[in-house]
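For reference, the structure discussed in these notes is given below.
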Amino acid sequence: MFAIRGFVLAASIGGSGGAGFPNELQPVGGNQAQPPAPEPGEPYPERLELVTGSARGFKWINARGFVHAPLSAVWQALQDPEVVVDRRKVASWKVQTGVIPGAEASYRINNTVHDLITIEFETTWRLGVALGTRDAPEAVAAVYRKTGGTHVIKRMEGSIVARKVSDSVTEIELVEHLDALMRATESGASYNRDLFAAIAARAKGAPVPTY
């Protein structure tokens with residue numbers, strides 16, 4: 001648990017996704033998505049499987065996929081705030097880094113969205129090695145939450161877990177909880193698909209997709 005300018009970001013333990021993780025890097029909830037099924041000649045196809053649903057007070061988005069890049073490259077990608085910005089909806093953004101004392105990596109993103117109305121909100125991210133060591137990580141994680149801004153978004157929190165499958169394949173687990181006035185499920189599903197694509201692109205040294 002950590003406090004940011006009067007807000008508290010706490011990741012709740014959810015299923016086996018965070019077994020052995022530090023408390024501050026626990027996923028925000030369990031993940032009901034199944035990993036992509038093997039294909040002929042490819043046991044770990046690079047694609048995302050995503051499911052959605054509702055709980056009391058919020059919509060949830062769960063996803064799993066494989067990226068054909070080493071965990072070290074995925075870890076570097078996640079530390080770049082440009083990778084996690086919702087480029088499909090956010091018109092402009094500003095980034096502050098090193099916002100959580102003691103975290104291996106952290107940043108705050110101030111987002112501006114132009115829709116029927118213009119809204120602004122901030123998300124705060126904490127990242128770190130969740131299993132293994134800094135020199136030889138087995139899993140890394142990021143947890144985030146809306147920590148300020150518009151009341152149109154009542155709740156926005158999520159987590160990313162990246163696990164080493166092999167020297168050239170990383171499994172990605174995405175969980176997001178949303179409570180917003182409009183299209184929470186559709187918006188969350190779209191963002192997580194784009195997030196997976198951005199992680200995969202940056203981990204391979206390619207530009208982040210734009211929309």
Relative contact order in percent for the stretch 10-91 (Cα pairs under 8 Å, 6+ apart) equals 19 percent
Students often get this wrong: which residues of the stretch 54-84 have the backbone nitrogen under 17 Å from the point 7 angstrom along Cα-to-C-beta of Gln32? 54-64
Here are some pairs, Lys146/Lys204; Lys59/Lys164; Lys94/Lys146; Lys59/Lys94; Lys59/Lys146; Lys94/Lys154; which of them have Cα atoms lying more than 24 Å apart in this structure? Lys146/Lys204; Lys59/Lys164; Lys59/Lys94
Extension reserve of the Gln96-Thr185 stretch, reckoned as 0.36 nm per residue once the Cα distance is removed: 29.2 nm
Measure nothing but the geometry: give the 0 to 90° angle between the long axis through the Cα atoms of 184-203 and the longest principal axis through the Cα atoms of the chain, rounded to 10°. 50 degrees
Which of rounded, prolate, oblate describes the chain, given a ≥ b ≥ c as roots of the alpha-carbon gyration tensor eigenvalues and a/c under 1.5 marking rounded, otherwise prolate only if a/b is larger than b/c? rounded
Taking a label point 7 Å from the Cα of Glu82 along Cα-to-Cβ, the residues of the stretch 176-211 whose backbone nitrogen sits under 15 Å from it are 198-211
Taking every pair of distinct Cα atoms and averaging 1/r, then inverting, what Kirkwood hydrodynamic radius in Å comes out for the stretch 30-126? 16.3 Å
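Coordinate-derived values only; no laboratory data. Given the structure is predicted, the values throughout are model-derived calculations rather than measurements. With ideal geometry, Cβ positions are generated from the backbone for all residues, glycine too; neighbour counts draw on all protein chains shown.
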